[in-house]
Amino acid sequence: MLGAAGQASIALDKPAGSRLRVSRMKNPFILSVAAALALIPLTSLAIDEIHILPSPVKLDSSKKNNKGNTNVESKDIAYSVKVTSSSFKEVTDVTVKYNIYYQVMELGQKGDPDIKLCSGSHTIPSLLTNKAVEFETDPIKLEKASLDAGWYFANGASAKSRDKVVGVWFKAFDSTGKQIGEYTNPSSVATKQKWKD
């Protein structure tokens, strides 16, 4: 018998007084691979079949507040999130979880700003192919402050401070808890920050 791994073997059988007979034998290795592939579910979703696109929105006008020699301006923002599916079938009970990281720097504070987190989730009962579903995250209050002209901090801190969003991270999960989508901005947020459910 002549054969190599992954190839069909050829058996040579030549009884006395008979013609040479060549028969092909099935390789059990090939059959086992084919059987394993047949068990893979064709309906499972890839991690990139749910697409998430958030956009910041301003919820109200800036509010100014003067306290002595300090000027404070605040605004509330949120993210409008558009979710679409490229799957060929309806996807039900999709849960989108989000982490929004923003830095807070108190006026007169020295050193690195504090990083705070706004997290939440939204469940989409039904998501059809290329049919967008939108929702809005919880709001975040951002402030900027400054001292009046001629004033300064004795500790050398800046006379101005400003809160800002430093990263957003979204994940989508199906009804079994399997992750089927993800969005980060910037991409480095996944390595610089910790995810919180």
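Every number here is computed from the coordinates shown, using simple stated rules; none is lab data. Please read these numbers as outputs of a predicted model, since none were measured by experiment. Ideal geometry is used to build each Cβ from the backbone, glycine not excepted, and the neighbour counts take in all protein chains shown.
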Open item on the list: Loop only by DSSP, 14 or fewer other Cβ within 10 Å of the Cβ. Give me the trypsin sites (Lys or Arg not before Pro) in segment 100-182 that pass, ordered by residue number.
Closed with: LYS110, LYS131, LYS178
Open item on the list: I need two numbers for segment 50-192: Rg to one decimal and Dmax as a whole number, Cα atoms only, in Å.
Closed with: 19.3, 65
Open item on the list: Straight-line reach from LYS67: which lysines fall under 16 Å, measuring Cα to Cα and dropping same-chain residues less than 8 apart?
Closed with: LYS144, LYS160
TODO: Calculate one ³J(HN,Hα) per residue across segment 186-197 by plugging θ = phi - 60° into the Karplus curve 6.51 cos²θ - 1.76 cosθ + 1.60, and present them in order as whole Hz with x for glycine and proline.
DONE: x, 5, 6, 4, 5, 9, 8, 10, 9, 6, 10, 6
Task: Long-range amide H partners of GLY167 with built H, under 5 Å - done: TYR101
